[in-house]
Amino acid sequence: MLAPVRIVLVGPPGSGKGTQGRIVAPRLGVPYLSTGEVLRAQISAGTDLGRRIADAVEGGDLVPDDLMLAVVAEALRAPERDGTVAGYVLDGFPRTCAQAEAIDRADSPVPPPDAVVQLAIPDDETHRRLARRAAVDGRVDDADPSVIDRRLRVYAEETQPLLDHYRRQGKLVTVDGDRPLDEVTAALLAALATGDEDA
Ligand code: AMP
């Protein structure tokens with residue numbers, strides 16, 4: 001039997017990581033996990049963790065790396081997943097080089113990805129999509145223009161360097177995310193199948 005696939009989706013806010021992740025994960029037969037969703041659920045539930053991270057999440061800043069690795073390991077080890085981390089489609093983690101390096105380590109509770117998909121979209125499209133999403137989902141971090149700018153800056157500074165990390169490992173594929181949803185899905189699946197760097 002083939003080993004379960006491990007895919008990481010990387011892209012700025014609004015690039016379609018959640019939309020595409022939820023579509024491709026069941027097709028690949030692995031769980032989809034959005035770290036933003038897990039963190040927002042902790043905040044809504046008023047847990048200790050939720051209280052510690054609320055300011056960062058609502059202000060568009062990153063949650064500390066050590067907390068994130070524990071959150072992801074715990075979420076992927078959920079009982080309904082047999083207590084083991086096998087395959088995954090991760091949306092929103094890793095998001096810093098330190099997080100990527102943490103899951104490269106042999107003793108990491110979360111194994112490293114086989115492939116990393118960059119969903120590329122222009123900044124103005126990001127703003128349009130987040131405005132639409134704010135109206136539908138009511139996410140506080142989508143509604144405030146200064147928080148959106150902060151998230152885009154954090155993406156450029158903290159997350160974009162990840163792309164080089166994975167390019168050096170020969171794991172990066174880039175998919176043009178600025179086109180109709182089903183075309184992005186098809187390109188993403190094709191890129192995973194062929195491993196071509198641009199799709
Ligand atoms: P997202 O839903 O992926 O846009 O994430 C929403 C927010 O959750 C981010 O702006 C961060 O505050 C926090 N977050 C999600 N994933 C991570 C991560 N891997 N590292 C640090 N903070 C994260």
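Read-outs: derived from the displayed coordinates by stated rules, not from any lab. Everything numeric in this text was worked out from a predicted model, so none of it was measured. So basically every Cβ, Gly included, is an ideal-geometry build from the backbone, and we count neighbours across all protein chains shown.
Positive end of the charge dipole of the chain (Lys, Arg +1 and Asp, Glu -1 on Cβ, about the Cα centre): tell me which of L28, Y155, P112 has its Cα farthest that way. So the residue furthest toward the plus end is L28. Legend: ranking of residues D104, D182 from fewest to most surrounding C-beta atoms inside 10 Å; resulting order D182, D104. Adding -39500 (n - 2.57) for every DSSP H run of four residues or longer, then dividing by how many residues the chain holds, sets the calculated 222 nm ellipticity at -16000 deg cm²/dmol. Under 5 Å from the amide H of Q118 lie the amide H atoms of V10, V173, T174, V175, each residue being 5 or more positions distant or on a separate chain, with H modelled from the backbone and absent for Pro and chain starts. Amide H to amide H, with H built 1.01 Å from N, R6 comes under 5 Å of Y88, D114, A115, counting only residues 5 or more places away or on other chains. Working note: Cα gyration tensor of the chain, eigenvalues times five, square-rooted, sorted largest first, giving semi-axes of 24, 22, 16 Å.
On the beta carbon distance between A186 and E101, with R0 = 41 Å, the FRET formula returns roughly 0.80. Measuring r between the beta carbons of R128 and S108 and using R0 = 25 Å, the FRET efficiency lands at 0.10. Of the residues A131, V10, A193, the one whose Cα sits farthest towards the positive end of the charge dipole of the chain is A193 (charges of +1 on Lys and Arg Cβ, -1 on Asp and Glu Cβ, taken about the Cα centre). Report the far tail of the P(r) of region 136-176, meaning the percent of Cα-Cα pairs longer than 16 Å. Tail of P(r) above 16 Å: 54 percent of Cα pairs.
Treating only the Cβ atoms of Lys and Arg (+1) and Asp and Glu (-1) as charged, compute the dipole magnitude of region 1-75 about its Cα centre; round to the nearest 20 debye. It works out to roughly 440 debye.
What does the extension gain come out to for D196 and D149, with contour length at 0.36 nm per residue minus their alpha carbon separation?
13.8 nm
Computed 3J(HN,Hα) for region 54-70, one whole-Hz value per residue from the Karplus formula 6.51 cos²θ - 1.76 cosθ + 1.60 where θ = phi - 60°, is 4, 4, 5, 5, 6, x, x, 9, 8, 7, x, 4, 5, 5, 5, 4, 5, glycine and proline marked x. Net charge dipole, the chain: roughly 360 debye, given to the nearest 20, about the Cα centre with Cβ charges of +1 for Lys and Arg and -1 for Asp and Glu.
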